[in-house]
Amino acid sequence: MSDDMPVVSKTWVWGIGSIVALIVLCIAFSFTFVNVKPGYVGVMYDRTYVQHGGVVEQPYTGFVWINPFTQRMSEYPIAMRTVYLTLGTNEGSGTDDSINIPTLEGQPLNVDLNFSYNINAQKAPDLYYAFRGQDITSIEQSFIRSNVESLLRNTSGNYSILGIYGDQRTIVTEKAMQACSAFFAPYGINMISLNFGDVRLPGPIATSVGQKIQAAQDAQTAQAHLAQAQVDAETAKVTAEGQANAILALADAQAKANLELAASLLGNGGALVNQKAAIDKWDGHYPTIMGGSNMMPIIQVPGAAAAVAPQN
């Protein structure tokens, strides 16, 4: 019995040792492979890499083997990332992130802003090097956001309050977008969009602008009414001319019909002309034989019988 104890103890030791070794191996293995998430690109920092400040110029995606003792992988978004700078709590950080922008009149406007961007995958190592390995959230807060606001302010100062609030809003955001694109491109940051949300006017200015907008709307309404009145007048004129032309056409047709009827009755070979010729030839006596297709009809003339009767 005592001879078997050392064998059992050795078996347990080997078993426990194998399990521990397997666990250590799994942990070490997990640190040697990293998975770069979809929509991101990986940038590797290698302490043994003497060029480019230790930043490997090649971007990485998917599963990547690393040396956990000398290498570190950071991720930057190549998918679109949107930042909301708003007064409300439904978007952005949940606090007041709205910004004040200058105007041509010198009166600031409080606006909500949103912009979208992503990172150029090929320039991601340069971005890592330029910002000493900061993650994208830190770069966004300390660099991207502040410069977007600054470039927007430089643009908005050339436009009036009414223009920014009204019909020049798109022009302002387009020019600010162009300035941002040119500024961030060398850092590998691609600006995708930049748009205003709400534009809030100070109280007195809001009243004045509201009155101007209402006046403009009233003028447009009056212009629309005038245009409609002109259309209605032109329509009535065309209708009246059409009715007059119809009456004239009807009168012309009636006159033509009357002329044709008169010609059929009084013209050469007309019925009345033939009857008149027969009357002129009549001697006052009725013919003894009447018939045939060539019989001339006689018109009964009032008073003719009284005139003839004494002769019989």
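Here, each number is a calculation from the coordinates, and none is a lab measurement. Quick caveat: nothing in here was measured; it's all calculated off a predicted structure.
Note that region 41-50 has calculated 3J(HN,Hα) couplings of 10, x, 10, 9, 9, 10, 5, 8, 8, 8 Hz, one per residue in order, obtained from phi through the Karplus relation 6.51 cos²θ - 1.76 cosθ + 1.60 (θ = phi - 60°); glycine and proline are x. Under 5 Å between amide H atoms, partner at least 5 residues away or on a different chain: which partners does Ile192 have, H built in plane at 1.01 Å? Under 5 Å from the amide H of Ile192: Ser116, Tyr117, Asn118.
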